[in-house]
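Since the structure comes first, as structure tokens, the remarks are kept for the end.
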């Protein structure tokens with residue numbers, strides 16, 4: 001992953017966030033890393049999403065409490081929120097659940113001025129990302145991954161998909177990364193809440209403290 005890093009915080013008493021910019025020309029996107037990201041959610045979402053004031057939060061039964069915090073933070077900043085819960089588990093990545101989310105997003109008057117926010121692990125991220133990409137071209141996506149694997153893998157890179165009865169992830173959609181100067185209607189980007197990683201020289205990335213996750217670009 002090519003990119004540059006920077007640190008940002010508005011208050012020295014708060015946790016410092018690290019921003020990794022994934023450089024893909026006009027489709028570049030940021031990854032925000034750190035402790036206490038949710039407490040600073042509106043501070044880094046505001047400049048990135050501009051005029052967006054409607055969030056569709058997709059979560060499962062395991063992450064309802066985190067989704068509630070995200071909803072509270074965004075409502076406090078004047079966002080209209082549509083929370084959409086799905087069952088936990090791989091079976092949720094299906095046409096049935098995708099269709100239900102499409103319909104509920106229509107009922108909530110979702111458009112390109114809205115943002116789909118995935119709060120959960122890889123299943124939620126894949127499902128929400130696929131639904132966002134197929135609901136309307138360029139619908140923004142914000143990933144808030146809550147598991148280690150989703151933080152280092154499924155939330156980064158833009159590949160999403162759902163399962164068909166004949167096999168896993170037979171229906172896929174690649175999401176182009178969004179430019180850092182977000183305009184409503186552009187393609188989505190992913191923003192993990194916390195990634196316990198160290199990035200070494202030569203493109204090596206290894207897990208800390210879980211050394212079993214190794215990625216070499």
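The values are calculated or read from the model by the stated rules, or taken from the named source; none is laboratory data. A quick note: this is a predicted structure, and the numbers were derived from the prediction, not measured. Cβ sites come from the backbone with ideal geometry, for glycine too, and all protein chains shown count toward neighbours.
Summary of computed values
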quantity	calculated
Set 125, 120: member being surrounded by 20 or more Cβ atoms within 10 Å (Cβ to Cβ) and on the phi > 0 side of the Ramachandran plot	120
Selection within region 104-137 - part of a loop (DSSP other than H, G, I, E, B) and over 19 Å from residue 79 (Cβ atoms)	121, 137
Residue satisfying all of: in region 160-173; more than 12 Å from the chain's Cα centre (by Cα) and under 11 Å from residue 122 (Cβ atoms); modelled with the highest pLDDT among these	161
Exclusive hit being free of Cβ contacts under 8 Å to residues at least 40 places away in the same chain and closer than 23 Å to residue 29 by Cα, set 127, 41	41
Top-ranked residue of region 128-145 - restricted to ones that are under 26 Å from residue 46 (Cβ atoms) and over 10 Å from the mean Cα position of the chain (by Cα), ranked as surrounded by the fewest Cβ atoms within 10 Å (Cβ to Cβ)	137
Residue 66 in contact (Cβ under 8 Å) with a residue 40 or more places away in the chain and either within 19 Å of residue 139 (Cα to Cα) or within 18 Å of the chain's Cα centre (by Cα) (or both)	yes
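Listed here are the residues, each with its yes/no results for (1) closer than 17 Å to residue 129 by Cβ; (2) touching a helix residue (DSSP H, G or I) at 6+ places or on another chain (Cβ under 8 Å); (3) touching a residue at least 12 places away in the same chain (Cβ under 8 Å).
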{"site": "45", "(1), (2), (3)": "no, yes, yes"}
{"site": "49", "(1), (2), (3)": "yes, no, yes"}
{"site": "54", "(1), (2), (3)": "no, no, yes"}
{"site": "61", "(1), (2), (3)": "no, no, yes"}
{"site": "84", "(1), (2), (3)": "yes, yes, yes"}
{"site": "90", "(1), (2), (3)": "yes, yes, yes"}
{"site": "94", "(1), (2), (3)": "yes, no, yes"}
{"site": "107", "(1), (2), (3)": "no, no, no"}
